[in-house]
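The values are calculated or read from the model by the stated rules, or taken from the named source; none is laboratory data. Here the structure is a predicted model, which means the values were calculated and not measured. Positions of Cβ are backbone-derived with ideal geometry, glycine not excepted, and every protein chain shown enters the neighbour counts.
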């Protein structure tokens, strides 16, 4: 399996985003969002429509990159703030 792993610092928290191709059996790109070592959310994109395409690998690679970037953007946009502790929600300098 191929994929991406990124540590994302947001407010007072650290999230870890792991995105990978689930392979021919899974037929999807899956992103797992971790906080404190636990999966707090996931996102899946089915790529069944691309099966049989000569550009399958390129399309899946692009889907992985786009989905990974979108999850990171969503973290920075506050869409996962409900997973923050009260201390982590305190305003402070933003880091990436």
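A few notes on this one:
- Test result for residue 88, out of contact with any helix residue (DSSP H, G or I) (no Cβ under 7 Å at 6 or more places or on another chain), in a helix (DSSP H, G or I) and in contact (Cβ under 8 Å) with a residue 12 or more places away in the chain: yes
- Filtered by the rule that a residue be outside any helix (DSSP H, G or I) and surrounded by fewer than 19 Cβ atoms within 10 Å (Cβ to Cβ), the stretch 61-84 gives 77, 78, 79, 84.
- Matching entry among 43, 73 (being over 20 Å from residue 12 (Cβ atoms) and free of Cβ contacts under 8 Å to residues at least 40 places away in the same chain): 43
- Yes/no for residue 40 being part of a helix (DSSP H, G or I) and either modelled with pLDDT of 95 or more or surrounded by 11 or more Cβ atoms within 10 Å (Cβ to Cβ) (or both): no
- Qualifying residues in the stretch 16-29 (those that are within 10 Å of the chain's Cα centre (by Cα) and over 12 Å from residue 61 (Cα atoms)) - the one surrounded by the most Cβ atoms within 10 Å (Cβ to Cβ): 17
- Qualifying residues in the stretch 43-58 (those that are surrounded by 15 or more Cβ atoms within 10 Å (Cβ to Cβ) and more than 16 Å from the chain's Cα centre (by Cα)) - the one nearest to residue 2 (Cα to Cα): 47
- Qualifying residue in the stretch 1-8 (condition: surrounded by fewer than 14 Cβ atoms within 10 Å (Cβ to Cβ), modelled with pLDDT under 95 and either out of contact with any strand residue (DSSP E or B) (no Cβ under 7 Å at 6 or more places or on another chain) or not in a strand (DSSP E or B) (or both)): yes
- With respect to (1) out of contact with any strand residue (DSSP E or B) (no Cβ under 8 Å at 6 or more places or on another chain); (2) modelled with pLDDT of 95 or more, the lone exception for residue 26 is condition (2).
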